[in-house]
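The next block holds one structure in the form of structure tokens; read it before the comments.
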Amino acid sequence: METVIDLSGRMGPDRVTTQHLADAVGVTQPAIFRHFSTKAEIWDAVSERIVSDIEDTMPKEAASQDAIAGSVRGYVSLVEVLPAVPSILHSLELQTEHESLRQRFRTLDRNRHDKVTKFIEAGQKDDTFHPELPARDVATIILGWLKSLTLDWVLADRRFDMADEAERFIANLDGLIGRS
């Protein structure tokens, strides 16, 4: 799966062919199809890997501010290591052609949104965050910004320090939603 992700980062996920994969791995195209009967199975495996990697970046238990910061830092770190992740996650072509991938990514988005919403609600309960702000809306803003940052970084050929941008956002977030 690493090879498909790497190729996606270099040429775009919708351009990766089984021949590209075979060439990169050093096998024949029929050898690829001995492991995966269809290209859809390859993308299913890739999407499972990406979902697992993203889920691993989400803090399990943490104070609300730390959990949000950890979520942002974890995802940014993952994208720095696997720059194709935003392109794969948000590829209209892949989602149109591979329903199971689309559903897997939609479930991931819902789960991430729910988790960040819970972090915000916890912060509202412990008086860290403004209680009058709708937690789901704040989660949408945070995750939307994160999506924008990572896609911008990819489209800018990684020419800015994404981790620095994330740290600036985290620092400003307290001023936006915090009680201080």
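We did not get these values from a lab; they are worked out from the coordinates using the rules stated. Owing to the predicted nature of the structure, the values given are computational and were not obtained by experimental measurement. Note that we place each Cβ from the backbone using ideal geometry, even for glycine, and neighbour counts take in every protein chain shown.
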Of all C-alpha pairs within region 6-55, those more than 16 angstrom apart amount in percent to 43
Projected convex hull area of region 1-111, Cα atoms, direction-averaged, in nm², equals 7.0
Projecting the Cα atoms of 78, 169, 96 onto the charge dipole of region 46-177, where Lys and Arg contribute +1 and Asp and Glu -1 at Cβ, the residue farthest towards the positive end is 96
In degrees rounded to 10, the 0-90 angle between helix 135-155 Cα long axis and the longest Cα principal axis of the chain is 40
Footprinting proxy, 148, 71, 77: sorted fewest to most Cβ within 10 Å, the residues are 148, 77, 71
Checked against the positive end of the charge dipole of region 62-180 (+1 on Cβ of Lys and Arg, -1 on Cβ of Asp and Glu, about the Cα centre), the farthest of 87, 107, 134 is 107
Among region 71-103, those whose backbone N falls under 19 Å of a label point 7 Å along Cα→Cβ from residue 109 are 72, 75-76, 79, 84-103
Long-range alpha-carbon pairs in region 46-177, meaning those over 22 Å apart, account in percent for 36
Checking rank on 37-44, 137-144, with mean other Cβ inside 10 Å and highest first, the result is 137-144, 37-44
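Could you give the dipole magnitude of the chain about its Cα centre, charging the beta-carbon of Lys and Arg +1 and that of Asp and Glu -1, in debye to the nearest 20?
300
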Lys and Arg at +1, Asp and Glu at -1: neighbours of residue 35 with Cβ under 15 Å from its Cβ sum to -1
